[in-house]
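Asks: Okay, here's the structure, questions in a sec.
The values are calculated or read from the model by the stated rules, or taken from the named source; none is laboratory data. The structure displayed is predicted, hence computed values, not measured ones. Quick reminder, even Gly has a Cβ in these numbers, built from the backbone with ideal geometry, and neighbours come from all protein chains shown. For the accessible areas, the whole protein counts, side chains as well, though only heavy atoms, and no ligand, DNA or RNA atoms are used. Shrake-Rupley method; radii C 1.70, N 1.55, O 1.52, S 1.80 Å.
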Amino acid sequence: MRDAQRHIETRHAAEIPPLIARGPGKRPPFSSISMRANRLWISILFLCACLSAIVCPSTAQASGGENRAPSVRKIEPPTWWTNFTPELTLLLTGEHLGRAHVESTAPGVSVLGSNASANGHYLFVRLQLAPDLHAGTVNLRLLGAAGAITVPFPLLARKDTKSHFGGVSHDDVVYLIMPDRFADGDPTNDQPPESTGKYDRSDPMAYHGGDLRGIRQHLNYLHDVGVTALWLTPVWKNDNSDYHGYHVVDFYAVDEHMGTLAEYQALAADAHKLGMKLLIDFVANHTGPDHPWVNDPPTPTWFHGSPAHHLPPSYNFSGLVDPHASPREYRETLEGWFAGKLPDLNPDDPELSLYLTQNAMWWAETAQLDGFRLDTFPYSPRQFWSTWHQRLRQVYPHINSIGEVADTDPMITSFFQGGRKQLDGIDSGLPTLFDFPLEHALRDVVIKGEPMQKIINVLQDDELYPNPEVLVTFLGNHDHARFLSEPGSNVHKLKAAFSLLLTLRGIPQIYAGDEIAMPGGDDPDNRRDFPGGFPGDPRNAFIASGRTAEQQDVFTHVQSLLALRRAHPALRTGKQWHIGWNDTYYAFLRELSEEKLLVVYNNAASAQELRIPVADTPIASAGQLQPLFGDATAMIVSGEVRLTLSPYNIGIFQVGK
């Protein structure tokens with residue numbers, strides 16, 4: 001294009017009549033006519049040059065800058081490890097990457113190929129990593145038509161992996177923390193200068209100052225409660241006032257309100273020293289509305305739709321589990337923009353699928369994490385999750401994940417647990433999921449006084465799951481009104497619900513603050529600050545002397561049940577048997593070969609004198625019942641368990657011969 005432009009300029013210059021010839025030592029005659037003629041031709045030349053620039057733009061302009069030297073401002077992932085994966089795909093973000101040729105100067109690192117976005121803003125680089133590769137900096141050379149640059153990429157040595165990446169198990173109790181609302185350990189990051197968010201503790205939709213350091217400072221409290229695994233809502237970088245963490249704008253950065261990556265790593269390390277695990281809340285369904293990708297995606301199929309043209313959301317999963325459903329019945333579930341505004345990622349795009357998998361590996365390895373909580377699990381394609389789990393287990397054979405399937409019907413939730421292929425021929429690979437049906441039943445029975453049969457029905461549907469004993473059970477979470485604030489609830493019912501939660505099958509999860517009877521209505525009122533975690537709080541519920549009598553009563557109840565659960569393996573891994581029930585009581589057994597524990601719960605508002613037949617049950621030959629928890633005594637007389645239970649109370653007994 002530059003040669004063509006020079007040709008046009010030369011042609012116009014040749015057409016200009018020569019000025020009056022001058023001989024040696026002579027000046028050309030000067031007149032107003034010749035001056036005007038010169039000015040006229042200069043103007044014509046300038047106009048033609050401008051027109052040529054418009055009609056025939058330069059090659060660099062026409063092709064997105066391929067004739068300029070490439071530049072890179074971001075590499076994802078930012079680091080990787082030796083002896084980790086045989087291949088790695090980097091996503092480079094920058095300018096003029098469209099025709100860049102990539103070379104590796106490091107022994108043991110080969111470039112398998114690369115492909116760029118049409119506008120030259122993104123470049124995917126596929127690398128092969130030799131198994132004997134040493135840690136160090138890999139220099140990648142990017143050669144463009146007008147120059148080359150060197151991009152340094154760190155390869156790290158892996159830490160000892162023997163004691164981590166084990167996932168959660170029957171032995172664990174998960175504790176859900178929303179970091180912004182738990183404890184403010186570093187007030188200097190409450191209003192970081194680079195943030196577009198609002199800090200205001202009086203505003204439930206703003207940042208309140210909680211951070212990673214605040215959690216670290218209260219790990220001893222959590223250990224004292226008896227929890228063994230921490231699930232933090234996302235700490236990835238968000239913007240505006242998205243304190244909850246679910247509107248991600250950078251998948252490889254810690255939000256500046258939360259702290260730093262080093263503090264996240266320190267939190268994991270400190271938790272591990274106390275025997276506690278750390279789970280990351282992994283969001284694969286969507287980004288925040290202001291993620292840079294939204295208006296400039298790395299591939300044309302990175303998202304479902306665009307800000308101007310996208311499907312509305314659907315929160316109905318029935319079409320996903322129906323063998324007769326047409327795509328019309330589930331397309332909006334898989335492709336609609338959550339809440340009508342969150343850009344929906346399309347992991348059917350192979351580059352995005354690999355990006356999200358590598359992202360999970362990077363966080364797990366960087367912080368030595370123990371597992372994943374998978375947000376909005378059904379909203380992403382099952383084939384993606386199947387591949388995601390397969391790739392992850394190639395590196396972490398024992399790590400596991402918990403899927404969020406927010407539905408109260410076991411017919412639907414059970415469909416998503418892995419361990420078998422479903423009607424679509426896909427095994428999702430998901431080890432377990434949250435037991436939303438049981439949460440719903442517990443609230444209906446304990447708070448509303450509905451028949452105990454509602455809980456029995458949920459338990460009877462365990463046959464729908466490949467592994468119901470590892471379902472994660474809970475009373476509430478950050479999306480639901482607090483148990484205590486539901487109409488008809490009170491502290492006695494909250495303690496009763498905890499009694500069931502911590503003795504029924506499954507892995508229990510506690511929402512931070514429920515153990516001290518925190519109130520809270522619908523979102524965002526259910527996300528109040530933990531008392532004592534913030535400067536100026538009048539009471540400190542992290543210590544016994546700072547709790548009210550009511551808070552201490554619930555805390556002691558939960559702590560005691562967790563200690564009992566820890567001391568008796570049957571409460572963690574024992575088979576659960578129905579012994580008897582009616583509308584207002586439920587008796588069940590937790591059995592191992594070495595111990596049997598009988599649990600009896602009274603859901604009535606008054607004391608009950610119970611006589612429970614035990615013929616044809618696993619305790620038919622039992623001779624005695626030793627109290628382990630509660631103020632009731634029980635005995636077996638004439639083939640019946642006989643006891644009296646006070647309202648909303650539980651009795652736990654060791655069964656002897």
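Asks: For the stretch 162-282, give the share of DSSP beta bridges that are antiparallel, in percent and rounded to the nearest 5; count only bridges with both residues there.
Replies: 20
Asks: Just the number, please: percent antiparallel of the DSSP beta bridges in the chain, rounded to the nearest 5.
Replies: 70
Asks: Here is a follow-up. May I ask you to give the percent of accessible area on the stretch 178-219 that is carbon plus sulfur, with a probe radius of 1.4 Å?
Replies: 49
Asks: Please compute P(r) over all alpha-carbon pairs of the stretch 417-521, binned at 5 Å starting from zero, and give each bin as a whole-number percent.
Replies: Taking every Cα pair in the stretch 417-521, the percentages come to 2, 12, 23, 22, 16, 11, 7, 4, 2, 0.
Asks: May I ask you to give the average projected area over all directions of the convex hull of the Cα atoms of the stretch 294-349, in nm² rounded to one decimal?
Replies: Averaging across all directions leaves 4.0 nm² for the Cα convex hull.
Asks: Please give the direction-averaged projected area of the C-alpha convex hull for the stretch 565-606, in square nanometres with one decimal.
Replies: That works out to 3.4 nm², a quarter of the Cα hull's surface.
Asks: So what are the three principal axis dimensions of the stretch 455-596 from its Cα atoms, in whole Å, longest to shortest?
Replies: The Cα atoms of the stretch 455-596 stretch 52, 31, 28 Å along their principal axes.
Asks: Could you provide, to the nearest whole Å², the per residue accessible area of the chain with probe 1.4 Å?
Replies: Accessible surface, normalised per residue, equals 42 Å².
Asks: Another question, if that's okay. If I ignore ligands, DNA and RNA and count only protein heavy atoms, how much of Met205 is accessible to a 1.4 Å probe, in Å² to the nearest 10?
Replies: 100
Asks: Still on this model: Mind listing the Cα extents of the stretch 221-311 along all three principal axes, in Å, largest one first?
Replies: Here the Cα extents, ordered largest to smallest, are 51, 23, 23 Å.
Asks: Multiply the residue gap between Thr556 and Asp522 by 0.36 nm, knock off their C-alpha separation, and tell me the result in nm, one decimal place.
Replies: 9.6 nm
Asks: What do the square roots of 5 times the Cα gyration tensor eigenvalues come to for the stretch 369-429, in whole Å, largest first, as semi-axes of the equivalent ellipsoid?
Replies: 19, 14, 10
Asks: Please report, in whole Å, how far the alpha carbons of the stretch 590-657 spread along each principal axis, starting with the longest.
Replies: 35, 23, 15
Asks: Please report the accessible area of His578 (heavy atoms, 1.4 Å probe, ligands and nucleic acids excluded) in Å², nearest 10.
Replies: The accessible area of His578 comes to roughly 70 Å².
Asks: Moving on. What percentage of the solvent-accessible surface of the stretch 87-169, computed with a 1.4 Å probe over protein heavy atoms, is contributed by carbon and sulfur atoms?
Replies: Carbon and sulfur together cover 50 percent of it.
Asks: Hey, what's the per residue convex hull volume over the C-alpha atoms of the stretch 342-490, in cubic angstrom?
Replies: In the stretch 342-490, the Cα convex hull volume per residue is 133 Å³.
Asks: I would also like to ask the following. Carbon and sulfur together cover what percent of the accessible area of the stretch 569-657 at a 1.4 Å probe radius?
Replies: 48
Asks: How long are the semi-axes of the equivalent ellipsoid of the stretch 156-242, defined as square roots of 5 times the Cα gyration tensor eigenvalues? Whole Å, largest first.
Replies: 28, 17, 12
Asks: Express the C-alpha Rg of the stretch 339-383 as a ratio against the empirical globular expectation 2.2 N^0.38 Å, rounded to two decimals.
Replies: 1.31
Asks: According to a simple spin-label model (label point 7 Å from Cα along Cα-to-Cβ), what is the distance in nm between Asn467 and Ala148?
Replies: For Ala148 paired with Asn467, the spin-label model returns 5.0 nm.
Asks: In nm, to one decimal, how far is the modelled label at Asn295 from the one at Thr196, with both set 7 Å along Cα→Cβ?
Replies: 0.9
Asks: By how many degrees, between 0 and 90 and to the nearest 10, does the Cα long axis of helix 2-14 differ from the longest principal axis of the chain?
Replies: Tilt relative to the chain: about 30 degrees.
Asks: Quick one: length gained pulling Glu103 to Ala615 fully straight, 0.36 nm per residue minus the C-alpha distance?
Replies: Separation in residues times 0.36 nm, less the Cα-Cα distance, equals 176.7 nm.
Asks: What is the P(r) of the stretch 198-272, as percent of Cα-Cα pairs per 5 Å bin from 0?
Replies: All Cα pairs considered, the percentages come to 3, 16, 24, 23, 18, 12, 4, 0.
Asks: Could you give the length gained by full extension between Lys341 and Ala269, i.e. 0.36 nm per residue of separation minus their alpha carbon distance, to one decimal place?
Replies: Full extension from Lys341 to Ala269 adds 22.3 nm.
Asks: What translational D, rounded to a whole number of µm²/s, comes out for the stretch 239-368 from Stokes-Einstein when the hydrodynamic radius is the Kirkwood one over Cα pairs, at 37 °C and 0.692 mPa s?
Replies: Here the translational diffusion coefficient equals 198 µm²/s.
Asks: Can you pull the semi-axes for the stretch 101-195, root of five times each eigenvalue of the Cα gyration tensor, sorted largest first, whole Å?
Replies: In descending order the semi-axes read 38, 24, 14 Å.
Asks: Let me ask another. State the dimensionless ratio Rg/Rh of the chain (Rg: radius of gyration of Cα atoms; Rh: Kirkwood radius).
Replies: Here the Rg-to-Rh quotient is 1.15.
Asks: Remind me, relative contact order of the stretch 317-436 in percent, using alpha carbon pairs under 8 angstrom and six or more residues apart?
Replies: Computed value for the stretch 317-436: 23 percent relative contact order.
Asks: Sticking with the crude label model, points 7 Å out along Cα→Cβ, report the distance from Met411 to Ser545 in nm, one decimal please.
Replies: That separation, rounded to one decimal, is 5.8 nm.
Asks: Does anyone have the angle between helix 261-273 and the longest principal axis of the chain? Alpha-carbon axes, 0 to 90°, nearest 10?
Replies: Orientation of helix 261-273: about 20 degrees from the principal axis.
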